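The values are calculated or read from the model by the stated rules, or taken from the named source; none is laboratory data. Just so you know, these numbers come straight off a predicted model, no measurement behind them. FYI the Cβ positions are ideal-geometry reconstructions off the backbone, even for glycines, and counts take in every protein chain you see. Only protein heavy atoms, including side chains, enter the accessible area calculation; ligands, DNA and RNA are left aside. Shrake-Rupley method; radii C 1.70, N 1.55, O 1.52, S 1.80 Å.
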Amino acid sequence: MSVTTKTKLLAEVEAFLSRGVFPSFVGGQDLPSSNGTLIPTIDPGSGTKLADIHDLEPELIDQAVDVANAAFPDWADTPQAERSAILLKLADAVEERKEIIAQIEALDAGKIEAQAQGDVQNFVDTLRYFVKLSDQVEPRTKLSIEGHEAWTYKQPWGACAFIFPWNFPFLLIGWGISPALAAGNTVVIKPAEDTSLSALYLAHLAKEVGVPDGVINVVTGRGATAGAALSNNKDIKRMSFTGSPEVGQLVGEACGRNLVPVKLELGGKGAAVVFNDVDVEATAEALVGAITFHTGQVCCDATRWLIHKDIYDEFVGHCVSRLKNVRIGHPLDPESQMGPVVNPKQCERVLGYLDKGKADGAECLLEGGVADVEGYTGNYVKPALLAGSLDNVAAREEIFGPVAYLSPFETEDEAIRMANNTDYGLANSVWTSDLDRASRVAESMVAGNSWINAHNVFAHGVPYGGVNKSGMGGGVLSIETLMDYYRSTSVVRPLPNE
Ligand code: NAD
């Protein structure tokens with residue numbers, strides 16, 4: 001493996017990648033595909049192949065679920081304190097190897113290295129958060145019911161399945177599996193085929209620190225085969241899917257047929273509503289930061305910028321000059337502010353939406369297009385700004401790249417109507433110095449999350465989820481999700497008449 005970067009790879013990363021071919025990891029051991037089919041995993045910043053991963057056949061996915069279900073009783077019966085200690089050891093080990101995992105993630109997902117380190121730390125914080133929370137869960141809740149002795153009893157479900165996208169591979173694994181494991185479930189993780197390396201690293205690390213075999217299993221492969229097999233498996237006890245609405249519908253259908261409880265975390269088309277009493281330059285800077293963060297490949301991003309007409313021209317001016325100066329480069333180059341998009345298909349998608357948006361009548365405020373990065377042939381695109389009617393295809397559909405769509409508004413009611421003119425409902429933000437107005441608008445926007453004078457705010461303990469085309473069964477990162485991973489039994493004894 002030879003990745004050309006201006007930064008030398010860590011020796012541990014070189015050693016990890018030198019393996020070349022990565023089987024899945026199930027029951028504490030390698031699980032290769034039966035016929036040896038491989039999928040290359042590429043550095044999006046240079047086009048260099050990093051490694052191959054095995055493309056598992058559906059029957060091997062079923063085998064992994066069997067392994068996870070077999071490991072379940074012992075894990076569920078492990079005393080809470082002991083289980084928590086094992087998981088905290090895993091959190092410590094991930095933290096100790098933060099730089100290694102982050103470099104693997106930066107290379108595999110095209111993520112700026114410092115941001116990848118933030119993702120790995122977030123995984124650690126999430127695992128610690130849910131372990132602490134699960135320690136406080138009292139399995140029995142006594143109910144005061146006249147004429148009866150009654151209580152509910154909480155216990156874990158069994159093997160829980162997780163399908164993840166490529167934009168935040170490691171961070172989302174933390175959000176997904178931490179509550180499940182802390183509650184005593186076992187897990188089968190199917191990472192995206194473009195970005196499976198950090199999940200495999202985690203599975204090996206978990207074994208090293210003493211997580212029992214079969215508790216954390218990673219299956220790799222294509223979505224239409226391996227992913228579909230996992231979502232159609234009748235023996236999974238819960239399914240959590242994070243990805244596009246189109247695939248989310250397929251996963252939801254499969255789980256519906258099998259009556260498996262499912263959580264869907266899907267796409268978004270978030271709005272930022274900016275009133276005329278803000279610091280215009282600072283708000284422009286914040287939204288430019290949001291749209292360029294991970295090259296705009298962020299589900300909860302603000303991609304529709306609704307700007308009060310009084311400050312519209314000034315706001316656009318600040319945004320254009322800042323976006324023109326964003327340093328685009330390889331994720332491991334410390335000078336880079338924005339990396340590549342994940343693969344050539346995503347590159348075509350972003351460029352295609354610029355063309356479609358313009359053909360549909362959008363005004364182009366900043367051209368965008370392919371970006372040249374000296375010394376690298378990666379999937380680099382420039383940031384772009386479009387403007388005009390919110391009926392435009394580029395204002396309605398998720399682009400998943402560094403492209404924002406602007407529209408001016410005059411009144412608060414109009415701004416709310418515009419923000420809610422979408423099929424999605426993941427995350428919006430409102431920007432104003434009038435906090436009463438901020439609360440009003442935040443509560444009126446139809447979405448799982450409304451942020452005030454900020455965008456992309458994730459504090460452990462605050463539920464995060466989507467409505468409408470953005471998903472269902474949300475509440476990630478909070479006690480709501482932890483409770484999803486306990487099933488409840490009501491125990492009732494009628495009291496004899498006295
Ligand atoms: P995707 O839906 O194409 O793929 C997601 C996962 O599903 C991958 O692991 C893929 O292999 C698998 N998959 C594909 N076809 C499948 C099938 N038929 N059955 C089962 N699994 C299948 O999404 P993506 O392109 O990887 O990610 C981008 C999307 O994810 C965007 O829409 C983005 O908004 C969304 N996303 C949402 C959140 C959230 O928290 N709401 C977070 C991150 C990403």
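List of remarks:
- Test for PHE164: is it surrounded by 24 or more Cβ atoms within 10 Å (Cβ to Cβ), within 10 Å of the ligand (Cβ to nearest atom) and closer than 19 Å to THR481 by Cβ: yes
- Scanning region 457-491 for residues that are modelled with pLDDT of 95 or more and β-branched (Val, Ile, Thr) returns VAL457, VAL462, VAL467, ILE479, THR481, THR489, VAL491.
- When the residues of region 398-420 are filtered to those that are small (Gly, Ala, Ser) and within 16 Å of the ligand (Cβ to nearest atom), the one that is surrounded by the fewest Cβ atoms within 10 Å (Cβ to Cβ) is GLY401.
- GLN155 being open to solvent by less than 70 Å² (accessible area, probe 1.4 Å), in contact with a Lys or Arg (Cβ under 7 Å, 6 or more places away or on another chain) and closer than 16 Å to LEU482 by Cα: yes
- Filter result for ASP313 (touching a residue at least 60 places away in the same chain (Cβ under 8 Å), of a type in the set (D, E, K, R) and more than 10 Å from the ligand (Cβ to nearest atom)): no
- Lone unmet requirement of (1) over 18 Å from MET418 (Cβ atoms); (2) crowded, with 24+ Cβ neighbours inside 10 Å; (3) over 17 Å from the mean Cα position of the chain (by Cα) for LYS324: (2)
- Some residue of region 134-143 being touching a helix residue (DSSP H, G or I) at 6+ places or on another chain (Cβ under 8 Å) and assigned to a helix (DSSP H, G or I): yes
- Among the residues making up region 366-375, those that are touching a residue at least 40 places away in the same chain (Cβ under 8 Å) and open to solvent by less than 30 Å² (accessible area, probe 1.4 Å) are LEU366, ALA371, VAL373.
- For first residues located in region 252-263 and on the phi < 0 side of the Ramachandran plot and at pLDDT 95 or above, partners that are more than 11 Å from the ligand (Cβ to nearest atom) and part of a strand (DSSP E or B) and lie 6+ apart or on another chain with Cβ distances below 6 Å form the pairs GLY252/VAL262; CYS255/VAL262; PRO261/ARG238.
- Per-region count, region 24-47, residues buried (at least 19 other Cβ atoms within 10 Å of the Cβ) and polar (S, T, N, Q): 4
- Flag if GLU149 is in contact with a strand residue (DSSP E or B) (Cβ under 9 Å, 6 or more places away or on another chain), open to solvent by 60 Å² or more (accessible area, probe 1.4 Å) and not in a loop (DSSP other than H, G, I, E, B): yes
- Flag for GLY221 being within 12 Å of the ligand (Cβ to nearest atom), closer than 20 Å to MET472 by Cβ, within 19 Å of the chain's Cα centre (by Cα) and not β-branched (Val, Ile, Thr): no
- Strands (runs of 3 or more DSSP E) wholly inside region 7-117 that include at least 2 residues being touching an Asp or Glu at 6+ places or on another chain (Cβ under 6 Å) and without any contact (Cβ under 8 Å) to a residue 60 or more places away in the chain: 38-42
- Odd one out for MET483 among (1) more than 15 Å from the ligand (Cβ to nearest atom); (2) farther than 30 Å from ARG128 by Cβ; (3) surrounded by fewer than 18 Cβ atoms within 10 Å (Cβ to Cβ): (2)
- Flag for VAL280 being in contact with an Asp or Glu (Cβ under 6 Å, 6 or more places away or on another chain), open to solvent by less than 30 Å² (accessible area, probe 1.4 Å) and more than 16 Å from the ligand (Cβ to nearest atom): yes
- Condition met for LEU202 (among the aliphatic types (A, V, I, L, M), more than 14 Å from the ligand (Cβ to nearest atom), under 26 Å from GLY466 (Cβ atoms) and without any contact (Cβ under 8 Å) to a residue 24 or more places away in the chain): no
- Apart from one condition, GLU363 fits all of (1) touching a strand residue (DSSP E or B) at 6+ places or on another chain (Cβ under 9 Å); (2) among the charged types (D, E, K, R); (3) free of Cβ contacts under 8 Å to residues at least 60 places away in the same chain; (4) within 16 Å of the ligand (Cβ to nearest atom); the exception is (4).
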